[in-house]
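Just below is one structure, and these are the notes that go with it.
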Amino acid sequence: MAYSEKVLDHFQNPRNVGEIENPDGVGQAGNPKCGDIMKIYLRVKDDRIEDIKFKTFGCASAIASSSMATELVKGKTVEEAWNLTNKAVAEALDGLPPVKMHCSVLAEEAIHAAINDYLKRQGLPTREEESHDELVDHHVHHE
Amino acid sequence: MAYSEKVLDHFQNPRNVGEIENPDGVGQAGNPKCGDIMKIYLRVKDDRIEDIKFKTFGCASAIASSSMATELVKGKTVEEAWNLTNKAVAEALDGLPPVKMHCSVLAEEAIHAAINDYLKRQGLPTREEESHDELVDHHVHHE
Amino acid sequence: MAGQWRNEFKNSRKGQSEMSRQVYLDYAATTYTAPEVVEAMAPYFTESFGNPSSIYSFSDRNRKAMTKAREQVAAVLGASQDEIFFTGSGTESDNWALKGTVWKLAAKGKDHIITTKIEHHAILHTGEFLQRQGYDVTYLPVDEEGRVRLEDLKKAVTDRTALVSIMFANNEIGTIQPIAEIGAFCRERGILFHTDAVQAVAHVPIDVQAMNIDMLSLSAHKFYGPKGIGAMYLRKGTRIENFIHGGGQEKGRRASTENVAGIVGLGKAIEQTASRMAESAPRITTLRDMLVDGVMKAVPHAKLNGAPSGERLPNNANFSFVGIEGETMLLDLDRAGIYGSTGSACSSGSLDPSHVLMAIGLSHEQAHGSLRLTLGEETTGEDIRYVLSVLPDIVAQRRAMSPLWEDYLKGLQKESR
Amino acid sequence: MAGQWRNEFKNSRKGQSEMSRQVYLDYAATTYTAPEVVEAMAPYFTESFGNPSSIYSFSDRNRKAMTKAREQVAAVLGASQDEIFFTGSGTESDNWALKGTVWKLAAKGKDHIITTKIEHHAILHTGEFLQRQGYDVTYLPVDEEGRVRLEDLKKAVTDRTALVSIMFANNEIGTIQPIAEIGAFCRERGILFHTDAVQAVAHVPIDVQAMNIDMLSLSAHKFYGPKGIGAMYLRKGTRIENFIHGGGQEKGRRASTENVAGIVGLGKAIEQTASRMAESAPRITTLRDMLVDGVMKAVPHAKLNGAPSGERLPNNANFSFVGIEGETMLLDLDRAGIYGSTGSACSSGSLDPSHVLMAIGLSHEQAHGSLRLTLGEETTGEDIRYVLSVLPDIVAQRRAMSPLWEDYLKGLQKESR
Ligand SMILES: Cc1ncc(COP(=O)(O)O)c(C=O)c1O
Ligand SMILES: Cc1ncc(COP(=O)(O)O)c(C=O)c1O
């Protein structure tokens, strides 16, 4: 498995792990069938992500992506946080193996879900998710 | 190649090689297509094989079979010589590899041909060859 | 010998802290090649290198060495040496058995294969290929411990059934199949019976005669032989099509210049490993049971997958830890110097978790959270104690950050109310 | 190095008289594994034995070693490393190319293969199998020197042609084919082009790009690597069906646990042998020409089979000696410590002599009386002089007892009258 040093670091020492009591937004992405579930907790103040925590079930790159994504959006405006792309997460991790790119998508989606939950609670209009179909690439089985 | 010591001996030091000047009978068996030709020269005196010589184009077992067959019939009556079977030749050589059994048949056939030639020259009735179809066994190609 | 490998194994890891312990527990994936096997192979590279199909005396030694290896394999299986054909891997033997059978028998209206849902991909993907080619393949289910039921097999048989292919022992969960009963049934019905015995050979007793096996696949690197060499037992008189066509090697049944060194290594390895079976199988079983008991005690909500001790391979342990994902565990164990395997899809790059774990009825979550530890001749009690000192914390730490585990605990609380 | 092998080679023959010289001239059948190759392989048996498909760090070294080997192969062929797939032999690569292509393309109406009458059995017998399966195969004739004519190929192509498979250089007579022209033609016509380059790789320059080759087979034991390991070059984007189905190794295209030691050996061998090509090819060519000239002078009515020097493999000499049979010659040479090969049917247990010699128009007698001597890196001028001191007498002695030779001489006398 060709994980970068950064992925291994964030996997072994994940940042922002945990829950937030009475969060302003909670979002989840993924599916236990696929082996990946990411849950994001937000504390928002003055339109800024004041605090963010995650819990993730998934492989090393899923955990590293959660950790990196939370780092990247912490302190950012909600708008900025929404605009974080999976590519940016992967790049910040010095890349992910091709078959693992979907983990970074999951991080983006979980943050979007949490933001939309926040917007809903605020009575604001929610945003639309873009599709990531191109990432369901051909997977191969090793034994 | 699993040749017996006897085969190798008769191949390396073949007995009765050569021709007989003005022979009493000459016979040939085999076919250059198959890579085997055996030619037998007979000198017959008082119904006995007084001398016998051969020339053979063919593999080691063909040459060894010729050598052994000539040894076995030398000094025998024409009747006895006719009755020499390929099995007897192969056994006298301590066996031949299965794919090489046809070489011993060739020796039997060449002797028969030479005897029939002798009988014809004497104005005597010739004898009938038995068939050896069972020996065209399945051959396999190695590279 | 034991010490020798252990040293080499440790030396090869010198880059890492000298303090760190190395515990290899993936013997089912592959074994080291035993030093005495490497030694037996050595002369056939540079010294006695002649092509065994060449008639000159220079190749005599090679021909003899190959015959000896064939005898060594035959002895372990209860076969005769002319029923042993060397191949390039266990996978190749599996491909040969399935493809060779239908390629030969389809013309006689026998175009149906029966196998199981828990076979190795070497069988499953070959089956799927043959289905794409128009042949018919039935995949039998298994019970919760991974056993095929004879009634299911009986029901699946039709007039068109050419071959039953059922593995001897499963590579993930270790369950051993009722091979003798299956063999007797197939023989009675006049159907060819193949068994993928890659995980079983030299580790549990096998007798192709008593068990009515017509074809059997094996692979050297599962019993301390080299990788890239396998064999097929083909009962005398079994007519199947060749798989690799070409020269007349292996009595015209498997083409390619013979891998003499590999063949010698396979022969030596099977003989040596099988000769130690009576001593090593109980020892490894004891260690495995110690591992299983320890894990089940120290890790809450752990599940042992597969059959009970005695009906599974001596060296196999397979757990599910709900709430965590397999690859995560492997990497955490790796940091602790422990090398295992998982049925999680994530570690394989596939979309689905282990088809074996799904076939025995696990949920996706359970399958993703599986860990296979397989022991071998170098495994010690110290190794197992070390694993038991490390694994429970790893599971606890990763569960603490898992939303699935959170949900699972909540579910338990609800239930208990 | 040279000295080292020579010593081992001699030591291995200690049973025989120490006086007797040993001259191995069957490098086209197989080479020894070079000592530096054996050395490169050594760590991957007992020490670094992890399954490369397992994610733990213990297998990192193996993964790196495999990538390096892929790069070593790619460099020699002018390919990129992700176009190289390791197989179990040259024969397997050949089987894969032909079967994989029609299995994939027949559905699109492409069910026709064009090859030649002088291919190795790995291609010919695969072709015959595919014909039995209902596919269409054309076998092109060759000229008297063993060369395919481009016009014949052009005429054979139809709308249904999926693949052209023409060997790079022939294993019996050494003739090199006009691969670049064939490649250009196939590319232009949009037909896949495979070449069996088992005899050519690392011995003559190859550039898969410049030559428009889509697939290429090679085998390590023909260039001082181990037996039982081969490779296939598969141009990026070339979609053919898998041949060995199973696990996802080799990017999902060739299943079986990777033969790491073999792969490392193949990589090292191809790199080393190719790097010496500029020096060894002219040296071997000179020795071969010395052998050919010597034989043609000393043996009356000898015939050199194949193409002239420069259009054949540097190491190949193939003679026909009318009146004698090949196996006889091999055994007589064996007694003198010289190891060669023949196209005679007798030595192979087959009914027919070499299909290659028949295809270039030899009579049965000439084909049966053929002798192939192939040189290699350890061959010396002394070796050749020794052969020249022995061979003419052997031919003369066996001719003296041959009825065919007698007939041949009589025929000559008649002609000259
Ligand atoms: C031209 C050619 N193709 C294919 C092969 C088969 O290679 P292998 O014996 O490695 O399967 C050989 C040699 O045996 C050969 O010379
Ligand atoms: C049950 C089973 N069958 C087949 C195989 C394939 O063997 P190989 O990797 O030697 O091709 C394996 C191991 O990988 C296995 O465990």
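Here, each number is a calculation from the coordinates, and none is a lab measurement. These figures come from a predicted structure and were not determined experimentally. Note: ideal-geometry Cβ built from the backbone for every residue, glycine included; neighbour counts use all protein chains shown.
Under the rule of at least 5 residues apart or a separate chain, name every residue whose amide H is placed under 5 Å from the amide H of D:Leu192.
D:Val164
Indicate the gyration tensor shape class of chain D (rounded, prolate or oblate), computed on the Cα atoms with a ≥ b ≥ c the square roots of the eigenvalues: a/c under 1.5 is rounded; otherwise a/b larger than b/c is prolate and the rest oblate.
It comes out oblate by the Cα gyration axes.
Where in segment C:226-332 are there trypsin sites (Lys or Arg not before Pro) that are in a DSSP coil and have at most 16 other Cβ atoms within 10 angstrom of their Cβ?
Listed in order of number, the matching sites are C:Lys236, C:Arg239, C:Arg276.
How large is ³J(HN,Hα) for each residue in segment A:33-44, as worked out from phi by the Karplus curve 6.51 cos²θ - 1.76 cosθ + 1.60 (θ = phi - 60°), to whole Hz, x for Gly and Pro?
4, 8, x, 9, 9, 10, 10, 10, 10, 10, 10, 10
Return the average number of partner chain Cβ atoms within 10 angstrom of each residue Cβ along peptide B:49-62.
Details: counts 0, 0, 0, 0, 1, 2, 7, 7, 17, 10, 14, 9, 2, 4.
Across B:49-62, the average partner-chain Cβ count within 10 Å equals 5.
B:Arg127: net charge of surrounding residues, Cβ under 11 Å, Lys/Arg +1, Asp/Glu -1, itself excluded?
Values: positive: B:Lys120; negative: B:Glu79, B:Glu128, B:Glu129, B:Glu130.
Summing Lys and Arg as +1 and Asp and Glu as -1 gives -3.
Which one of D:Ser80, D:Ser20, D:Ser280 has the biggest mean-square fluctuation once chain D is modelled by GNM with Cα springs under 10 Å?
Highest fluctuation of the listed residues: D:Ser20.
Sequence-distant or interchain residues sharing an amide H contact under 5 Å with D:Leu140, placed H: which?
Sorted by chain and number, the residues that satisfy this are D:Thr115, D:Thr116, D:Lys117.
Would you mind counting up the charge near D:Gln177? Only other residues with Cβ under 13 Å from its Cβ, with Lys and Arg at +1 and Asp and Glu at -1.
So the surrounding residues net to -3.
From the cross-link list D:Lys117/D:Lys227; B:Lys87/D:Lys410; B:Lys6/B:Lys100; C:Lys236/D:Lys117, which pairs have alpha carbons spaced over 24 Å apart?
As for pairs spanning more than 24 Å Cα to Cα, those are D:Lys117/D:Lys227; B:Lys87/D:Lys410; C:Lys236/D:Lys117.
If we hang a label 7 Å off Cα along the beta carbon direction at D:Arg385, how far is it from the matching labels on the other copies, in nm, shortest first?
Those label-point separations list as 7.1 nm.
Just subtract the alpha-carbon distance of C:Arg335 and C:Gln133 from 0.36 nm times their residue separation and send over the number in nm, one decimal.
Length gained, C:Arg335 through C:Gln133: 68.2 nm.
Just to confirm the numbers: C:Lys303, label point 7 angstrom along the Cα-Cβ line, distances to the other copies in nm, shortest first?
Computed spacing set for this position: 7.5 nm.
D:Glu144 versus C:Ala184, label points 7 Å from Cα toward the beta carbon: distance in nm?
Going from the D:Glu144 label point to the C:Ala184 one covers 7.1 nm.
Under the convention of a label 7 Å out along Cα→Cβ, give the distances in nm from C:Pro35 to the same position in every other copy, shortest first.
2.3
Ordered by residue, what ³J(HN,Hα) values in Hz, to whole numbers, does segment C:77-86 give under the Karplus form 6.51 cos²θ - 1.76 cosθ + 1.60, where θ = phi - 60° and Gly and Pro are x?
3J(HN,Hα) across segment C:77-86, in whole Hz: 9, x, 10, 10, 4, 7, 9, 9, 10, 7.
Taking amide H positions as placed 1.01 Å from N in the peptide plane, with prolines and chain starts having none, which residues 5 or more places from D:Thr175, or on another chain, fall under 5 Å of its amide H?
Correct list: D:Asn170, D:Ala307, D:Leu313.
Smallest Cβ-to-axis distance in chain C, for the rotation taking C to D: which residue, how many Å?
C:Gly88, 1
Does segment D:228-276 classify as rounded, prolate or oblate by the C-alpha gyration tensor (a ≥ b ≥ c root eigenvalues; a/c under 1.5 gives rounded; else a/b over b/c gives prolate, otherwise oblate)?
On the way: a/c = 3.17, a/b = 1.56, b/c = 2.03.
In terms of gyration-tensor shape, oblate.
With a cut-off of 8 Å between alpha carbons and a minimum separation of six or more residues, what is the relative contact order of segment D:35-163 in percent?
Across segment D:35-163, relative contact order equals 19 percent.
Mind checking the mean number of beta-carbon atoms from other chains within 10 Å of the Cβ atoms in C:333-341?
Partner-chain Cβ atoms within 10 Å, mean over residues of C:333-341: 4.
How large is ³J(HN,Hα) for each residue in segment C:380-390, as worked out from phi by the Karplus curve 6.51 cos²θ - 1.76 cosθ + 1.60 (θ = phi - 60°), to whole Hz, x for Gly and Pro?
Calculated HN-Hα couplings, in order: 10, x, 4, 4, 5, 4, 4, 4, 5, 7, 10 Hz.
Per residue of D:117-123, how many C-beta atoms from partner chains lie within 10 Å of its own C-beta, taken as a mean?
Numbers: counts 0, 0, 0, 4, 8, 7, 2.
For this peptide, the per-residue mean of nearby foreign Cβ atoms is 3.
Counting Lys and Arg as +1 and Asp and Glu as -1, what is the net charge of the other residues whose Cβ lies under 15 Å from the Cβ of C:Pro141?
-1
What distance in nm separates the simple spin-label points at A:Glu80 and A:Gln122, each placed 7 Å from Cα in the Cβ direction?
With each label placed 7 Å out from Cα toward Cβ, I get 1.5 nm.
Pull up the cross-link candidates among the lysines for A:Lys76, meaning alpha carbon to alpha carbon under 16 Å and not fewer than 8 places away within one chain.
Partners found: A:Lys45, A:Lys53.
Determine the shape class of segment D:293-417: with a ≥ b ≥ c the square roots of the Cα gyration tensor eigenvalues, call it rounded for a/c under 1.5, and otherwise prolate if a/b is greater than b/c, oblate otherwise.
Since a/c stays below 1.5, the shape of segment D:293-417 is classed as rounded.
For the peptides D:43-53, A:42-52, what is the packing order when you average, over each peptide's residues, the other Cβ atoms within 10 Å and list the highest mean first?
For the peptides D:43-53, A:42-52, the packing ranking is D:43-53, A:42-52.
If we sort D:95-106, B:19-30, C:86-97 on the protection proxy, mean other Cβ atoms within 10 Å, highest first, what's the order?
Answer by packing, highest mean first, reads C:86-97, D:95-106, B:19-30.
By the 4.7 Å beta carbon criterion, which cysteine residues of chain A come out unpaired?
A:Cys34, A:Cys103
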